[in-house]
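A.B. asks: Dropping a structure here in C-alpha cells format, bear with me for questions.
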Amino acid sequence: MKVLDLDAVRAFVLVADLRSFTRAADALDTTQSAVSLKLKRLEAHLGKQLLERTPRVVRLSADGNAFLGAARDLLNAHERALGALSVERRRLALGLSEHVAGADLPRLLARLNAHDPGLIVELHMGTSASLLAQFDERRLDAVIVRYGVDQPPRDDAQVLFSEPLGWLATPEWLPRVGEPLALALLSPPCNVRDVALRTLTAAGIAWQEVFVGGGVAAVGAAVAAGLAVSPLARRVAPPGLADVGARLGLPPLPQSRVTLHSRVRDTRTAETLRLVANGLASV
C-alpha cells in the first residue's frame, strides 16, 4: 500500500494553482528546488508524470489533471480531521484594497477555501489608507494595499509586485471641447486619486470631478457608462474599457506597488495568506 507524503501533495496543489514553482515555494516559505524535489519524489512514488515542465510554463499532464481533485480531497480530509480536535477554528481578518482586488477575486476565494477549509476568512475591502489604519489599530491581521512609486513602502511592507495604472475609459470616449478633463475618482483619502491629480496638475492639464465613488465598483460603473476617464489598474476595471491616455495626450501614470503587511504567526494561516498574495500576483 502506497502512503502519500502530504507535504508533497500540498506542494503539487500549489504548483497546479499558481502555475509556478517559484510562487508555490514562496507560499510554502521554502525554496524552488525543495518544491521541485518534493514533486519529483511524488511522481516517482505514483509512477506518473504529474507536470509538464518547460522553461516558461508549468502545465498539468493528463495524469496531473486526473490526480488534482483527489489531491484536494486528501488535503481537505486532513484539515477536517485536525479541525475535529480543535477547540476553535482559525480566523484571518484580512484587508484587501479595492484597487488590488479584481474580477478574479471569486476564483481566488474558491482556491483559498479549497486549500484551507478550516480557516474562517473575515475579508474587509476599502482604500489602502483606511486598511493600513485598521491594521495599525490591530483590527486586521494582515492587509494587501497599493502604494504609488513616489511613496516609500513602510518598513513592515513586503512588496508583492508592481504594475502600471492607466487612464481608462470607454474606447470611443472624448472630453467635451472647451471643458476640463472629466474624471471619475474614489473619494479621499485615496493614494491612486492623489497620484493622478498630482500628475495632471504637473502637466498643466485642467480637470474636474464629475463622479465621486465610495468604491472602485461604483467608479468603474461610471466610467463604463461613458461619464468620464479614471486612473485605474486594468485588473480592477470592468471589461470593455481601454487605456485612452496616449490617444488623449494625457501624461503617463507611474507604476504602483502592491504590498503585504502581516502580523500572522500561525504557520498554516501564514501559508494560506501567501497563497492569496501570490494568487493576486499571478492574475
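The values are calculated or read from the model by the stated rules, or taken from the named source; none is laboratory data. Values in this document were obtained by computation on a predicted structure and should not be read as measured data. Here the Cβ is made from the backbone with ideal geometry for all residues, glycine too, and neighbour counts use every protein chain on show.
A.B. asks: Of the residues in the range 237-265, how many are over 11 Å from Leu168 (Cα atoms), outside any loop (DSSP other than H, G, I, E, B) and in contact with a helix residue (DSSP H, G or I) (Cβ under 8 Å, 6 or more places away or on another chain)?
C.D. replies: 5
A.B. asks: Do the conditions hold for Thr54, that is, is it hydroxyl-bearing (Ser, Thr, Tyr), loosely packed, with under 14 Cβ neighbours inside 10 Å, free of Cβ contacts under 8 Å to residues at least 60 places away in the same chain and under 22 Å from Ala277 (Cβ atoms)?
C.D. replies: Taking the combined requirement at face value, the residue does not satisfy it.
A.B. asks: Quick check on my filter: what residues within the range 172-199 are touching a residue at least 40 places away in the same chain (Cβ under 8 Å) and among the β-branched types (Val, Ile, Thr)?
C.D. replies: Selection gives Val192, Val195, Thr199.
A.B. asks: Taking the range 216-236 as the region of interest, how many residues are under 24 Å from the mean Cα position of the chain (by Cα) and assigned to a loop (DSSP other than H, G, I, E, B)?
C.D. replies: Selection size over the range 216-236: 1.
A.B. asks: Taking helices (runs of 4 or more DSSP H) that fall entirely within the range 1-72, which contain at least 2 residues that are modelled with pLDDT of 85 or more and either of a type in the set (D, E, K, R) or not assigned by TED's automatic domain parsing to the domain that holds Asp116 (or both)?
C.D. replies: 6-18, 32-46
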